[in-house]
Structures are given as C-alpha cells and as structure tokens.
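Participant: Shown below is the structure under consideration.
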Amino acid sequence: MKKIIITTSAFVLIFFAGCQTLMDGVGSIGAAVGQATGTMTPQQAESFKKTSSAIGKAGESITPEQEYYIGRSIGAIILKTYKPYNNNALTGYINVLGQTLAAASDKPETFKGYHFLVLDTDEINAFAAPGGLIFVSRGLIKCCKTEDALAAVLAHEVGHVQFGHGLKAISKSRWTGAFTTGITEGVKSYGPEGVANLTNVFEGMLDDIAQTLMNNGYAKKLESQADEAAVTIMQRVGYNPTGLKDMLIQMDKLKKPGKGFSKTHPAPMDRVADIEKLIKGAGAMAQSAARKSRFQKATASL
C-alpha cells in the first residue's frame, strides 16, 4: 500500500512544474531512483515515467486518471472507519440504480467508471469520493421509504462527482505547497527525503478531502449545486424529484446533532426551501407496483 501511495503522490504533484521537458526528465530520474531505493517496483517505475510525461502535456489540469487515484485513496480512508455491508443483492441493486442515475448526469463517464458501495453502519450518511466512488450507509438506505427517495440520495452524490466538489475541498495553501514541492523536488533526484516530501504533501491533500467528506462537510453552495443536479438527473431518468424533498424531511426527523449527516450537511429543512423552487409543478409521489416490489425486495435485509 505504501508503494502505491508514494507513486501516486509523485505523479499527482509533478504536473505543477508545467514543462514537458522537465516532466520527461523527472519521470526518468524518479523511476530510476525509485527502483534503486526500493520504493518502486519495475512496473510502477515504468508507469511513473509514462504518467509523468502525460501530466506534462496535461498542463495544470488534473486528469481523470489522477482524479481516480485520488478518489481510490479517499475510499481507502473511508473504509478504515466503515466496513462494507456484506449483502450482494443490495449492493447489486444499489449499483444498477446508481449507474442508471450517473449515466443521466452531465458527467456520465469517469476513469474506471462509477462504483457504489453500502457501508455497514446505522449512521445516516453518504460520501462521494473524486472519480465516482460513492458510499451510502445502511442507515441512510433504511431511512428511504421509496425507490425515488433512494434515487434522490444517489443522484445527489453523483452531483458532487459531476461538479468535482471533492477536489475543491483541497485547500489553496495545499495547492501552493504542492506547486512548490513539485518544482523543488522535481529537479532533484528522488531520494528518500524527496519522496517523503512529496508523499507528505499528497497525504495532506487526501486529508483535506477526507476531513470535508467525513467531518466538516461542503459549503451550502456546493450542497445546493448537488441538490440541483439531483433534481435534473431524477427528471431525466423518470423519478419524481419530490423524492429528494421527502427524503430530507425524513432525515430532519431523525437527525442527531453532531453526528452523521448533521455533522457534514446543512440543515435539511434549509435545503428543502431551495428544492421546492426547483421541483415546482412536480406531481405527487406515485409508485408503480414493479418499482415498489424491487425496492422492498432489495432492502428487506435492513
């Protein structure tokens, strides 16, 4: 795991130098020294060289590949706190529903695709890591009374991925530090100290995102963007966007100050006021027999 983090941190940060010649040189030097010091396998070194070159061409934009690796690292952090819920039927159902909603979003594709996982906790919460890794708690699913309500939860998280909110959680000072470290370390051989510096900066970025997802939450403006995206996605698929409003009202009844979504999201009723403007004219909730049956079957274990 440590080797993967070191390699990932290096290629995520190197692009800040912004010079293709430098990137090619850094890639070769970093790969050679990485193998010599035992911090990289030959396969990782070759990948490092290729990625360094690609990042140089990409300029200062994080590529979908980089976003995926950042998201995967965030996912690992989340799974240190929460265990996956061992229920293949529910996991499959959540993924079919989630994939359908993601395909109707303004970002229907990500590197390696969207993935949805149920967390085995009664805590009412959900997280969207960069790149399309979405986690929803067993407790939150249990709160959903209809498939429309569950679709609203997943569409909201897809909205966070669509707008890249996870990456926006990285502090400006952290980006500045990454820029400086990338340049100063990029022109030197990647000895143990250089690798450690890059790794520390990258781990700091991961910490920014993880703290936002699991402890601090997004700003109300970003939550509103995700809610707006959720309404649009639901309408495109054929779900009643009123499900989002109903879900928030239910969450408001069950909220526990300082825990779960209460710690990471704005007050549900504040969001309801904004959502009502978006769903004006939406009809009453209506469930088809087939939709109701599959929802009840998939969530029966809860």
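The values are calculated or read from the model by the stated rules, or taken from the named source; none is laboratory data. Note that the structure is a prediction, hence the values are computed from the model and not measured. Note: ideal-geometry Cβ built from the backbone for every residue, glycine included; neighbour counts use all protein chains shown.
Participant: With respect to Ser171, is the statement that it is in contact with a strand residue (DSSP E or B) (Cβ under 8 Å, 6 or more places away or on another chain), of a type in the set (Gly, Ala, Ser) and at pLDDT 50 or above true?
Facilitator: Here the answer is no, as Ser171 does not meet what is asked.
Participant: Now, a different point. Based on what the data block shows, is Phe127 at pLDDT below 95, more than 15 Å from Ile233 (Cβ to Cβ) and aromatic (Phe, Trp, Tyr)? Please lay out each step first, then the result.
Facilitator: Details: at pLDDT below 95: yes; more than 15 Å from Ile233 (Cβ to Cβ): yes; aromatic (Phe, Trp, Tyr): yes.
Taking the combined requirement at face value, the residue satisfies it.
Participant: So which of Ala210, Ala230 ends up being buried (at least 21 other Cβ atoms within 10 Å of the Cβ), under 19 Å from Asn125 (Cα atoms), of a type in the set (Gly, Ala, Ser) and at pLDDT 80 or above? Step through it out loud before you land on a result.
Facilitator: On the way: Ala210 fails: at pLDDT 80 or above.
Going through Ala210, Ala230 in turn, just one is buried (at least 21 other Cβ atoms within 10 Å of the Cβ), under 19 Å from Asn125 (Cα atoms), of a type in the set (Gly, Ala, Ser) and at pLDDT 80 or above: Ala230.
Participant: Can you give me the number of residues within segment 138-150 that are crowded, with 20+ Cβ neighbours inside 10 Å and either part of a helix (DSSP H, G or I) or at pLDDT 95 or above (or both)?
Facilitator: Looking only at segment 138-150, we keep the residues that are crowded, with 20+ Cβ neighbours inside 10 Å, and these are 138, 140-141, 144, 146-150.
Then drop every residue that is not either part of a helix (DSSP H, G or I) or at pLDDT 95 or above (or both), which leaves 138, 140-141, 147-150.
Looking only at that region, the number is 7.
Participant: Would you call Val153 in a helix (DSSP H, G or I) and without any contact (Cβ under 8 Å) to a residue 12 or more places away in the chain?
Facilitator: no
Participant: Ok, one more. Restricting to segment 89-112, what's the tally of residues that are among the small types (Gly, Ala, Ser) and in a loop (DSSP other than H, G, I, E, B)? Even if it seems obvious, please write down each step before you answer.
Facilitator: Step one: of segment 89-112, the residues among the small types (Gly, Ala, Ser) are 89, 92, 98, 102-105.
If we keep only those that are in a loop (DSSP other than H, G, I, E, B) too, we end up with 104-105.
So the answer is 2.
Participant: Another question, if that's okay. Of the residues Ile94, Ile78, Ile74, which single one is under 17 Å from Leu140 (Cα atoms) and buried (at least 19 other Cβ atoms within 10 Å of the Cβ)? Walk me through it before giving the result.
Facilitator: On the way: Ile78 fails: buried (at least 19 other Cβ atoms within 10 Å of the Cβ); Ile74 fails: under 17 Å from Leu140 (Cα atoms).
Of the residues listed, the single one that is under 17 Å from Leu140 (Cα atoms) and buried (at least 19 other Cβ atoms within 10 Å of the Cβ) is Ile94.
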